[in-house]
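**Q** Dropping the structure in here first, questions after.
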Amino acid sequence: MATQIFVNLPVESLGRSVEFFKQLGYTFNAQFTDQNATCMVISESIYVMLLVKDYFKTFINKEVADTSKVTGAIIALSAESRAAVDTLVDTALKAGGKATKPPTDHGFMYQRSFQDLDGHQWEILWMDPKNVQ
């Protein structure tokens, strides 16, 4: 079995977060969904567990980061083209996300970023396949 990644993110409102990410085209695994959490499917090997903050706290021994003040992580996802980067980020912004910085274009790599409704930073990027080994 290939290694999978499960990113766990605290959220204020599970329903609000689900609606936001549905607008971005993501689906959710009902088998791992209840009033405290849901499993967002990014790909066959990438999942994001959205956890209500009080439930998230049961997994940690520290305070939950206040993402209105600090960035604890950047969740970076690849896209199939520059246009796909723009489409996903533009959709996120229309759904209530916030741009975090201007687009970056290195020629061989193009990236844009946004904050979701809970302030988690996402970066969507395209890399020219000719430059990736």
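The values are calculated or read from the model by the stated rules, or taken from the named source; none is laboratory data. Treat the numbers as computed from the prediction; the structure is a model and nothing was measured. We place every Cβ from the backbone using ideal geometry, glycine too, and count neighbours over all the protein chains shown.
**Q** Scan region 97-133 residue by residue and report those that are assigned to a loop (DSSP other than H, G, I, E, B) and either within 17 Å of Leu50 (Cα to Cα) or basic (Lys, Arg) (or both).
**A** Gly97, Asp116, Leu117, Asp118, Gly119, His120 - these are the residues of region 97-133 that are assigned to a loop (DSSP other than H, G, I, E, B) and either within 17 Å of Leu50 (Cα to Cα) or basic (Lys, Arg) (or both).
**Q** Just checking, how many residues over region 74-96 are assigned to a strand (DSSP E or B) and either over 10 Å from the mean Cα position of the chain (by Cα) or in the same structural domain as Lys22 (by TED's automatic domain parsing) (or both)?
**A** Number of matching residues: 1.
**Q** Within region 1-29, track down each residue that is in a strand (DSSP E or B) and either surrounded by 13 or more Cβ atoms within 10 Å (Cβ to Cβ) or in contact with a Leu (Cβ under 6 Å, 6 or more places away or on another chain) (or both).
**A** Val7, Asn8, Leu9, Pro10, Val11, Phe28
**Q** Can you list residue pairs whose Cβ atoms sit under 6 Å apart, with the first residue in region 18-43 being touching a residue at least 40 places away in the same chain (Cβ under 8 Å) and the second being surrounded by 13 or more Cβ atoms within 10 Å (Cβ to Cβ) and polar (S, T, N, Q)? Count only pairs 6 or more apart in sequence or on different chains.
**A** Listed by first residue and then by second, the contacts come to Leu24/Thr91.
**Q** Follow-up. Take the conditions surrounded by fewer than 16 Cβ atoms within 10 Å (Cβ to Cβ) and either farther than 19 Å from Met127 by Cα or in contact with a helix residue (DSSP H, G or I) (Cβ under 8 Å, 6 or more places away or on another chain) (or both) and apply them to Thr104. Does it pass?
**A** Taking the combined requirement at face value, the residue does not satisfy it.
**Q** Just one of (1) closer than 21 Å to Thr33 by Cβ; (2) surrounded by fewer than 13 Cβ atoms within 10 Å (Cβ to Cβ); (3) touching a His at 6+ places or on another chain (Cβ under 9 Å) trips up Phe59, so point out which.
**A** Phe59 satisfies every listed condition except (3).
**Q** Look through region 30-54, keep the residues that are aliphatic (A, V, I, L, M) and either touching a Ser or Thr at 6+ places or on another chain (Cβ under 7 Å) or surrounded by fewer than 14 Cβ atoms within 10 Å (Cβ to Cβ) (or both), and return whichever of them is farthest from Glu80 (Cα to Cα).
**A** In this case the residue turns out to be Ala30.
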